[in-house]
Amino acid sequence: MLEEVLLAGFGGQGILSTGMLLAYAALAEGLHVAWIPSYGPEMRGGTANCGVTVSDAPISSPLVVEPTTLIAMNGPSLDRFEPAVKPGGLIIYNASLINRRPVRADVRALAVRANEIAEGIGNVQVAANVMLGAFLELTRVASLGKAGEALAKVLPPRRHHLIPANLRALEEGARIAREAGTKERMKAMNKVWGQNSEFRIQKPE
């Protein structure tokens, strides 16, 4: 198993801490991990990218050049890194700030309105962890439980009061991914059964 994940956005979105959370969660699963941050010219408002490699074998290079998954938090990140994603890879994009779908047909894509979900939780800064929850649900690289346990390591003690909000962010992201998977399965069923077929869940009499 090899997952090369690129998380990309701008400073202040929690990109680097979310990447670290993924790294700690995978490490707790007994996997090999590499985490490399990349800062723009400014900490807040500038670019912030993070590469996380997760493998069940020793990692030869920690650099994420052709990611298997791109988590794009804003439009410029999707524009810049979409071409680099490996064919058959995954793009999870923040539909709160990105108004287009990925153009490539050889990758899977999931839209997540991470900012709206985070605002509903009460803290827009947990938006990146909404995206991480979706990623974990789709790939099963690490469990939500391990990610939740790792929050105490990633967040400094003065921010431990934010752990419940971050836990909910992970859970909400996973829920979005589950619902998207159900819709895709239903579309596949309709293709098999015919365009006029319907899949209904009937309530008991």
Looking only at the range 76-90, decide whether some residue is under 30 Å from H161 (Cβ atoms) and either touching a His at 6+ places or on another chain (Cβ under 7 Å) or aliphatic (A, V, I, L, M) (or both). no
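For the range 80-107, give me each residue that is touching a helix residue (DSSP H, G or I) at 6+ places or on another chain (Cβ under 9 Å) and either surrounded by fewer than 15 Cβ atoms within 10 Å (Cβ to Cβ) or β-branched (V, I, T) (or both).
I91, I92, I98, N99, R100, V103, R104, V107
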Exactly one of K183, K146 is at pLDDT below 95 and part of a helix (DSSP H, G or I), and that one is K183
Residue count, the range 109-137, condition closer than 19 Å to E3 by Cβ and out of contact with any helix residue (DSSP H, G or I) (no Cβ under 8 Å at 6 or more places or on another chain), comes to 1
Does the range 120-128 contain at least one residue that is closer than 16 Å to L22 by Cβ and exposed (fewer than 14 other Cβ atoms within 10 Å of the Cβ)?
no
Of E119, E137, the only residue that is within 14 Å of I176 (Cα to Cα), of a type in the set (D, E) and out of contact with any strand residue (DSSP E or B) (no Cβ under 8 Å at 6 or more places or on another chain) is E137
(message) Regarding the range 57-77, can at least one residue be identified that is more than 25 Å from A105 (Cα to Cα), at pLDDT 95 or above and not hydrophobic (A, V, I, L, M, F, W, C)?
(response) yes
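Taking the condition at pLDDT 95 or above, touching a Cys at 6+ places or on another chain (Cβ under 9 Å) and under 19 Å from R140 (Cα atoms), does G19 pass? Give the derivation first.
Working: at pLDDT 95 or above: yes; touching a Cys at 6+ places or on another chain (Cβ under 9 Å): yes; under 19 Å from R140 (Cα atoms): yes.
So G19 passes the test.
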Residue pairs within 6 Å by beta carbon, gap of at least six or interchain, first lying in the range 158-179 and touching a residue at least 24 places away in the same chain (Cβ under 8 Å) and under 14 Å from G145 (Cα atoms), second in a helix (DSSP H, G or I) and acidic (D, E), listed first then second, are A174/E137
Log entry, pairs with first residue in the range 100-127 being without any contact (Cβ under 8 Å) to a residue 40 or more places away in the chain, second being among the acidic types (D, E) and part of a helix (DSSP H, G or I), beta carbons closer than 7 Å, six or more apart or on different chains, reads P102/E82; R104/E82
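The values are calculated or read from the model by the stated rules, or taken from the named source; none is laboratory data. Just so we're clear, the structure is a prediction, and the values are computed from it rather than from any experiment. Neighbour counts run over all protein chains shown; Cβ positions are idealised from the backbone, glycine included.
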